[in-house]
Amino acid sequence: MKCIMYSVCIWLLTTLLVGCAAFPGRDLTKIEDYPRAQAATSASPLPTGKIELTWYSMDTPKPQVLEENWEMRDEIYNVAKQSGLFSSVGPFEKDPNYNIQVSIHNHGNFSMFLTVLSGLTLTVLPTYAKDVWDVTAIVSNSNGEVIQTYSYTDHVTTWIELLFVFATPFTARTAERTVVNIFKHLFAQMITDGIIVPVSPQPTVAPPPQASPQDVPAPPPPH
């Protein structure tokens, strides 16, 4: 009986101590600073922008993913604000100067052989899973005309192994940082391409000239 309990305790302890470490794929370089965006003036203020995000898992829309990962969603909007392209930008802008429709396709793969082998050894032998994000952004103006389409891909590889329990706290946000970096590339490229420009001033319409007293014809003399 003691041997069975000992074995169960060792199995539970090993299961609880399973760790994982996520490593960025670096398909895209890490962006720290943006290029300089076109400056606004008092006559030509920065435009407004609306961002519509749609998350897909295996080609199926999963709006709950962004609702549950609200920190990542808000960080994506912060990336847009920090780009310096817009006076205001977000998901609820009314009558925006620019509309950005973004689809995020999340898919991946893993080794079935390694996963089974790792499970049989209680993760003493490692296994891995690969998460891929394909991001497509369609930028259009206030008239609905498509200006530009951008596509980016990056991935994260997560290794699962007993000793990686010590690395888990340090790599927990690797996936979020990778997705956010994709959006940094998107807005940096938009700056470089110069497709988001300050709002052109509306032409002023001069009021019709007022007739002076000299221009007003005198009434005809009474008969």
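The figures follow:
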{"quantity": "Qualifying positions in segment 92-105 - surrounded by 12 or more Cβ atoms within 10 Å (Cβ to Cβ) and either within 24 Å of residue 191 (Cβ to Cβ) or over 13 Å from the mean Cα position of the chain (by Cα) (or both)", "calculated": "93, 96, 97, 98, 99, 100, 101, 102, 103, 104"}
{"quantity": "Cβ-Cβ under 6 Å pairs, at least 6 apart or on other chains, segment 58-87 side under 16 Å from residue 31 (Cα atoms), far side among the hydroxyl-bearing types (Ser, Thr, Tyr) and outside any helix (DSSP H, G or I)", "calculated": "83/34"}
{"quantity": "2 or more residues aliphatic (A, V, I, L, M), under 24 Å from residue 98 (Cβ atoms) and modelled with pLDDT of 85 or more: qualifying helices (runs of 4 or more DSSP H) within segment 109-199", "calculated": "174-193"}
{"quantity": "Sole residue being surrounded by 14 or more Cβ atoms within 10 Å (Cβ to Cβ), of a type in the set (A, V, I, L, M) and more than 15 Å from the chain's Cα centre (by Cα), chosen from 66, 122", "calculated": "122"}
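Table: residues versus (1) touching a Pro at 6+ places or on another chain (Cβ under 7 Å); (2) of a type in the set (Val, Ile, Thr); (3) surrounded by 14 or more Cβ atoms within 10 Å (Cβ to Cβ).
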position	(1), (2), (3)
143	no, no, no
156	yes, yes, yes
186	no, no, yes
199	yes, yes, yes
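The values are calculated or read from the model by the stated rules, or taken from the named source; none is laboratory data. Since the structure is predicted, the reported quantities are computational estimates derived from the model, not experimental observations. Methodologically, a virtual Cβ is constructed for each residue, glycine included, from the backbone with ideal geometry; neighbour enumeration extends over all protein chains shown.
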